[in-house]
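**Student:** My questions will all concern the structure given below.
The values are calculated or read from the model by the stated rules, or taken from the named source; none is laboratory data. Here the structure is a predicted model, which is why all the values come from computation and not from measurement. Neighbour counts are summed over all protein chains in view; Cβ atoms, including those assigned to glycine, are modelled from backbone coordinates with ideal geometry. Each accessible area value is taken on the protein alone, full model and side chains, heavy atoms only, with ligands, DNA and RNA left out. Shrake-Rupley method; radii C 1.70, N 1.55, O 1.52, S 1.80 Å.
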Amino acid sequence: MLALGVGTGYGQGVTPRRLRVPLTLGLPALVGLLCSWPGSATAANAVAPAPPGGAKLVVGFDSSGELKGLLCRREPCDVARGQSLGMPADLRGSKERARLAIVPLGKASYAVHASVPRDAGRAWEAVVGQRAGKLVVVFAGETGPVNGAEGERSGPVVNISEATSDGSRRVVVGEMLESMSLCGRPAVLSPKLLLPRDMKLHAAKVQRLTPEERAGAETLTASVVEGEVKPGPSLLRAISASSAVGNPSALTDGDLETTWAENRGGSGRGEFALMLAPPEVPLSAFEFVVRPPSREVAHGTAPKTFFIAMTKQLYKVEMPEDAWQFPGRRYRVELEEPTQTDCVALVTDDAYDESKAAQVTFAELSATSSFDAENLAGLVGALAGGGERAEAAGAVLRGLGAPAFAAIRERFKDLDAGGRRVALDVIDHASCADSAPVYVQALLSEQQAQRIHAETRIGRCGKAAVEPLSQALDGPEGARAAKALASVAPAEAVGALMQRLIRLAPGAKSPPKAPRTKAGIVAYAKQRKAQVKNAQQRAAFRSALAEAASEPQARGAVSKQLAADLPKNARIDLLRALSGRLSQHEDAARSVTALVGPESDFRTRYLLIAPLAELAKADPGAKQKLAQLLAKDPSKHIRAEVARSIDEPARFKSELLSALTDREVRVREAAASVLTGPKASFAEPALIGRLSSDRWPLVRATAARSLGELPASTRIDAALASALEDDSAHVRRPVVLALGARGALRYSKGVAERLEDREERAEVRAAAAVALGRMCAKEQADLLESFAVKLANPYTDPEMRPVAAAALIALARLGPGDLRARLEPFFKAEVPKAARRAAETVLKAPAGCGRARS
């Protein structure tokens, strides 16, 4: 045998490592191979020897740079006459880069492999042979990572094997997946083998490990693990497999009844399952179970040998017995030295049953390490980044249980966002004693995803979350902690929040005076900043207290606080937090009325107005206190705020009527604002008086609005009509709107004059248009039309456009029968699209007017 060492590469688009040419090929065939084998040369055609009685196979480039194939029986063999192999046009002219190789397939059969490299690991490749005197293109196309996004790319691959003892090689075509390798080694998925008998690709079992790798693998003999063994936490997480019966994750799920089996049949040689391992943890041994303890597995068989591949190491495992005869038996292989790796692959080899239907099966594979418990800090650190390695570390920590949960609790604050995400997934499996403090830290995080995770889970911890949440109340994110505490444990939250409110309650000192010196200004600024922060904290805690107090289970805690001897300002905060529910607590009314008196300071009286108003609906004492404040309090601010707090004016007739004549404008305006609706008709004369004679436009405008909401009255209509000539536009606008709301059609002419008046403010004219529509003044349709069509004119004064829009709406409300004709100007070509759409909209709207009141 003559051995020719040509080339050193292996794999996709690479010349085979060694070509062994049997001397028995004969001199012509040998010369043909020597002249056509490319090595580093690329220009010559590839000429494969002819089979007995057949033609030579020629593959090469024609003069235009196109790659062609030809079966040639006699010289000269001009490849230009051959069949195109479909090489893309953009690769023509790539003759110098192309590699053409003759591949002996055995039994006097040959194929030619053509490869033209591209960038980024891609190539265009073709495999050509012959069958029954015809050229056969077995494969032609782009290979390498041609599909998908970065990190998940995939594509076809063509592999040429090493030469066997007779010089023949195997051509395998399959798929590659960028994210899936045999722990760094090339892995062909869904392999198909080229068979010389029919020159077709057939599904095949292919050993992904090279002969050199298999020969160099360290051999380990598995031993039986005696006695009952409780499986420890798995350091592996199965993620994928080259083929599978069952889910590959069954290998590492801790359940001995679930299985993974190769899906190629027989020994399944070369099929593999891929697992992630935490790289920080040195692996010292592997344990595995082949057959499930009780579940029957059809066609299952045990391996005789298999490989465990890691990033840098490869071990061949020999079984001491046919494990299929011993259901549930556990085996172990010890490594000579602990090994760190982020990848472990189980690769099948020989089996005890290699029949076609047999499937090599495993129930469980786990890795162990002497550092499992001692290296918790390293495992928690491995969560950083949140990627696949972090997920694997998370799986380990889940299995380690309470010690790992405690480690996460201690180091959670040091993790990055990705690490915290995985840590939260791990801590979800912990008891609330360990998980609640972590959830609290996540709840106070700036990362929204972490907050959502914690918010949706901390509720299950209930009282276990009270202590960490209470501690967090004093931190920078105390407001968020307060809200969570109120939601998780309302009863406990009441006491915890009241403690903070007592601590934060402002003192009785007078506000600081404005300083005059530079040092004083700095001190004053710091003091004001502290006061603002204090007020913000108290507001947040008071809001959380209100949420907690609204829950039925917190009622007892609230009553306890009301009965306690609280500082005045803390009690005020509590009463304000109980807004809407004060009547549910007997002590609330006594607390409020006791705090409000002649000697009470301004802050106390002002802050308790809302609680007093709420209690006054059912408590006579509270009603009396509120009436006294409205009638006699020395502060105009108190009197005005009390007036605004009244929502049942009939119960405070005398006080509100008196307030309408108060010397302070804000008090009069506040009283006028609440005297609305049918139950306030007693105030008609007083409101008319304010509208006609008050010297402040603010009060007159408010009186007009309130009069507009009182029951039908000709006196009110007449008073409003008289006010159309008010000196202030701020009064005229609510007046015309009130006339419209009341449907005072008798005064439509006066309203129309406001619309027509060129000297009138635009907002009053727009209000007049609206009022004419509301009072259904159909006799003003022409007037409204004249203003509405201004909207169709692109050159209309911008100040008039709101008036035109209001007129268009009012005209549509009137609903004249010729509305379409009146709006014809809107449908001219030069009209802006927005105006045309407005016209189309009002044409579709139903008319709003029935019979108007005269």
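**Student:** Go through (1) touching an Asp or Glu at 6+ places or on another chain (Cβ under 8 Å); (2) at pLDDT 85 or above; (3) among the polar types (S, T, N, Q); (4) open to solvent by 10 Å² or more (accessible area, probe 1.4 Å) for Asn247 and report which single condition fails.
**Tutor:** Condition not satisfied by Asn247: (1).
**Student:** Within the range 380-398, which residues are open to solvent by 10 Å² or more (accessible area, probe 1.4 Å), of a type outside the set (A, V, I, L, M, F, W, C) and in a helix (DSSP H, G or I)?
**Tutor:** Gly381, Glu388, Arg389, Glu391, Arg398
**Student:** Are any of the residues in the range 118-127 β-branched (Val, Ile, Thr) and farther than 20 Å from Val58 by Cα? Give the steps one after another, and end with the answer.
**Tutor:** Step one: list which residues in the range 118-127 are β-branched (Val, Ile, Thr), which gives 127.
If we keep only those that are farther than 20 Å from Val58 by Cα as well, we get none.
No; the residues of the range 118-127 include none that is β-branched (Val, Ile, Thr) and farther than 20 Å from Val58 by Cα.
**Student:** Kindly indicate which of Arg668, Arg663 is in a helix (DSSP H, G or I) and either more than 17 Å from Glu709 (Cα to Cα) or free of Cβ contacts under 8 Å to residues at least 12 places away in the same chain (or both). Even if it seems obvious, please write down each step before you answer.
**Tutor:** On the way: Arg663 fails: in a helix (DSSP H, G or I).
On inspection, the qualifying residue turns out to be Arg668.
**Student:** Residues being touching a residue at least 12 places away in the same chain (Cβ under 8 Å) and open to solvent by 50 Å² or more (accessible area, probe 1.4 Å): count how many of those fall in the range 626-653. Steps first, answer last, please.
**Tutor:** Just the residues of the range 626-653 that are touching a residue at least 12 places away in the same chain (Cβ under 8 Å), to begin with: 626-627, 629-631, 633, 635-653.
Next cut, open to solvent by 50 Å² or more (accessible area, probe 1.4 Å) only: 631, 636-637, 641, 644, 647-648, 651, 653.
The number of residues fulfilling the criteria is 9.
**Student:** Working carefully through the options Arg754, Arg765, Arg732, find the one that is more than 54 Å from the chain's Cα centre (by Cα) and either on the phi < 0 side of the Ramachandran plot or surrounded by 24 or more Cβ atoms within 10 Å (Cβ to Cβ) (or both).
**Tutor:** On the way: Arg765 fails: more than 54 Å from the chain's Cα centre (by Cα); Arg732 fails: more than 54 Å from the chain's Cα centre (by Cα).
So the residue among Arg754, Arg765, Arg732 that is more than 54 Å from the chain's Cα centre (by Cα) and either on the phi < 0 side of the Ramachandran plot or surrounded by 24 or more Cβ atoms within 10 Å (Cβ to Cβ) (or both) is Arg754.
**Student:** For the range 709-800, give me every one of the helices (runs of 4 or more DSSP H) that falls completely inside it and has 2 or more residues that are touching a residue at least 24 places away in the same chain (Cβ under 8 Å) and among the acidic types (Asp, Glu).
**Tutor:** Output list reads 748-756.
**Student:** If you don't mind, there's one more thing I want to ask. Looking only at the range 790-831, which residues are open to solvent by 40 Å² or more (accessible area, probe 1.4 Å) and in contact with a Lys or Arg (Cβ under 8 Å, 6 or more places away or on another chain)?
**Tutor:** Within the range 790-831, Lys790, Arg801, Arg813, Phe827 qualify.
**Student:** Right, here's the next one. Search the range 302-315 for residues being touching a Ser or Thr at 6+ places or on another chain (Cβ under 9 Å) and over 24 Å from Glu226 (Cβ atoms), and hand back the single one that is surrounded by the most Cβ atoms within 10 Å (Cβ to Cβ).
**Tutor:** Going through the qualifying residues, I end up with Phe307.
**Student:** What is the number of the single condition among (1) touching a residue at least 40 places away in the same chain (Cβ under 8 Å); (2) open to solvent by 10 Å² or more (accessible area, probe 1.4 Å) that Arg705 does not meet?
**Tutor:** Only one criterion in (1) touching a residue at least 40 places away in the same chain (Cβ under 8 Å); (2) open to solvent by 10 Å² or more (accessible area, probe 1.4 Å) is unmet by Arg705, namely (1).
**Student:** I'm trying to understand the selection: among the residues of the range 91-100, which are surrounded by fewer than 21 Cβ atoms within 10 Å (Cβ to Cβ) and outside any loop (DSSP other than H, G, I, E, B)?
**Tutor:** Within the range 91-100, Leu91 is the sole residue that qualifies.
**Student:** Something else: Which of (1) without any contact (Cβ under 8 Å) to a residue 60 or more places away in the chain; (2) assigned to a helix (DSSP H, G or I); (3) open to solvent by less than 50 Å² (accessible area, probe 1.4 Å); (4) under 30 Å from Ser366 (Cα atoms) is the odd one out, the single condition Val440 does not satisfy?
**Tutor:** Going through (1) without any contact (Cβ under 8 Å) to a residue 60 or more places away in the chain; (2) assigned to a helix (DSSP H, G or I); (3) open to solvent by less than 50 Å² (accessible area, probe 1.4 Å); (4) under 30 Å from Ser366 (Cα atoms) one by one, Val440 breaks only (4).
**Student:** So is Ser692 in contact with a Pro (Cβ under 6 Å, 6 or more places away or on another chain), part of a helix (DSSP H, G or I), surrounded by fewer than 21 Cβ atoms within 10 Å (Cβ to Cβ) and of a type in the set (S, T, N, Q) or not?
**Tutor:** No, not satisfied.
**Student:** Oh, and also: Being open to solvent by less than 40 Å² (accessible area, probe 1.4 Å), of a type in the set (D, E, K, R) and modelled with pLDDT under 90 is the filter here; which residues of the range 361-376 pass it?
**Tutor:** The one that is open to solvent by less than 40 Å² (accessible area, probe 1.4 Å), of a type in the set (D, E, K, R) and modelled with pLDDT under 90: Asp372.
**Student:** For residues that are at pLDDT 85 or above and open to solvent by 60 Å² or more (accessible area, probe 1.4 Å), tally how many sit in the range 167-181.
**Tutor:** So the answer is 2.
**Student:** Now for a separate question. Could you say whether any residue in the range 449-470 is surrounded by 15 or more Cβ atoms within 10 Å (Cβ to Cβ), out of contact with any Phe, Trp or Tyr (no Cβ under 9 Å at 6 or more places or on another chain), under 29 Å from Ala345 (Cα atoms) and not β-branched (Val, Ile, Thr)?
**Tutor:** Among the residues of the range 449-470, not one is surrounded by 15 or more Cβ atoms within 10 Å (Cβ to Cβ), out of contact with any Phe, Trp or Tyr (no Cβ under 9 Å at 6 or more places or on another chain), under 29 Å from Ala345 (Cα atoms) and not β-branched (Val, Ile, Thr), which makes the answer no.
**Student:** Please determine whether any residue of the range 551-562 is in contact (Cβ under 8 Å) with a residue 60 or more places away in the chain, open to solvent by less than 20 Å² (accessible area, probe 1.4 Å) and assigned to a helix (DSSP H, G or I).
**Tutor:** yes
**Student:** Same structure again: So which of Ser165, Ser243, Ser190 is assigned to a strand (DSSP E or B), polar (S, T, N, Q) and more than 30 Å from Phe405 (Cα to Cα)?
**Tutor:** Details: Ser165 fails: assigned to a strand (DSSP E or B); Ser243 fails: assigned to a strand (DSSP E or B).
Within the list Ser165, Ser243, Ser190, the selection yields Ser190.
**Student:** Across the range 340-360, what is the total count of residues that are within 39 Å of the chain's Cα centre (by Cα) and either more than 18 Å from Leu182 (Cα to Cα) or open to solvent by 10 Å² or more (accessible area, probe 1.4 Å) (or both)? Steps first, answer last, please.
**Tutor:** First pass over the range 340-360, keeping only residues within 39 Å of the chain's Cα centre (by Cα): 340-347.
Right, trim to either more than 18 Å from Leu182 (Cα to Cα) or open to solvent by 10 Å² or more (accessible area, probe 1.4 Å) (or both) and you get 340, 342-343.
Counting residues in the range 340-360 that are within 39 Å of the chain's Cα centre (by Cα) and either more than 18 Å from Leu182 (Cα to Cα) or open to solvent by 10 Å² or more (accessible area, probe 1.4 Å) (or both) gives 3.
Condition check ((1) surrounded by fewer than 19 Cβ atoms within 10 Å (Cβ to Cβ); (2) farther than 23 Å from Gly133 by Cα; (3) of a type in the set (Val, Ile, Thr)) across all residues:
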position: Ala46; (1), (2), (3): no, no, no
position: Gly53; (1), (2), (3): yes, no, no
position: Arg73; (1), (2), (3): yes, no, no
position: Ala89; (1), (2), (3): yes, yes, no
position: Ile102; (1), (2), (3): no, no, yes
position: Val112; (1), (2), (3): no, no, yes
position: Ser115; (1), (2), (3): no, yes, no
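**Student:** Just to be sure I understand the filter: pairs with C-beta atoms under 8 Å, separated by 6 or more residues or on different chains, first member in the range 97-116 and on the phi > 0 side of the Ramachandran plot and aliphatic (A, V, I, L, M), second member modelled with pLDDT of 95 or more and surrounded by fewer than 24 Cβ atoms within 10 Å (Cβ to Cβ). Which pairs pass?
**Tutor:** From the range 97-116, no pairs qualify.
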